[in-house]
1. Go through the stretch 55-116 and name the trypsin sites (Lys or Arg not before Pro) that are in a DSSP coil and have 15 or fewer other Cβ atoms within 10 Å of their Cβ.
2. Only Cα pairs under 8 Å and at least 6 apart count here; give the relative contact order of the chain as a rounded whole percent.
3. Can you check what the net charge comes to around Gly57, using other residues whose Cβ is under 14 Å from the Cβ of Gly57 (Lys, Arg +1; Asp, Glu -1)?
4. Quick one: which residues, 5 or more positions from Leu60 or on another chain, have an amide H under 5 Å from its amide H? H modelled 1.01 Å from N in the peptide plane, none for Pro or chain starts.
5. Could you check the spin-label model distance between Glu37 and Arg156? Points 7 Å from the Cα along Cα→Cβ, value in nm.
6. How do Thr32, Thr131 rank when sorted from fewest to most other Cβ atoms within 10 Å of their own Cβ?
7. List the chymotrypsin sites (Phe, Trp or Tyr not before Pro) within the stretch 75-127 that fall in a DSSP loop (any state other than H, G, I, E or B) and whose Cβ has at most 12 other Cβ atoms within 10 Å.
8. When the chain is fully extended, how far beyond the present Cα-Cα distance does Ser145 get from Glu52, taking 0.36 nm per residue of separation?
Amino acid sequence: MVIYTVRQPDRERELEHDDLPFWRTKALDDMTPSEWEQLCDGCGRCCLLKLEDEDDGEVLLTRLACGMLDIGACRCSDYANRHKLMPDCVAIDPDVVRKLAWLPRTCAYRRLADGRELAWWHPLVSGSPETVHEAGISVRGWAISENAVADANVQRFIISDFDDE
């Protein structure tokens, strides 16, 4: 018996600029508010409490989440009013992304600002909001609400960093 190998013509083609997703064609500063919001992967990591060392300015990360974070959904329980209800909530914008060293390397905003692609688990890539959780990137399952911890005990929840990337 003779076996023949049939080569298929290359099915890939150069994508035209208009065929590319917005995050590959636009700078962070040029995105619409809707595009900007879509970049949030829903991990909840930016909603974790940080402690700043008054002596040296070092920012320490905790596994305590803002009291407004729905930890199961990894979404703010009142996103529209978050800055009024939680005055120290940081508004993430392109300038902030470039300045905040505590934003995790997994953050879509950080990834794009650093010239990297969105990760496979990002909902815009995977098509599912669950992949961020399945990949173990979100705070679901290990964060604790700040509402459940006395202020005097916050330092007990300091973590060194995220164990990824």
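We did not get these values from a lab; they are worked out from the coordinates using the rules stated. Fair warning: this is a prediction, and the values are worked out from it, not measured in the lab. All Cβ positions, even for glycine, are placed from backbone atoms using ideal geometry, and neighbour counts span all protein chains on display.
1. Answer in residue order: Arg105, Arg116.
2. 28 percent
3. Local charge sum for Gly57: -4.
4. Here the answer is Leu51, Glu52, Asp53, since their amide H atoms fall under 5 Å of that of Leu60.
5. Here the answer is 3.8 nm between the modelled labels.
6. Thr32, Thr131
7. Passing both the DSSP loop test and the Cβ count: Trp120.
8. 31.6 nm
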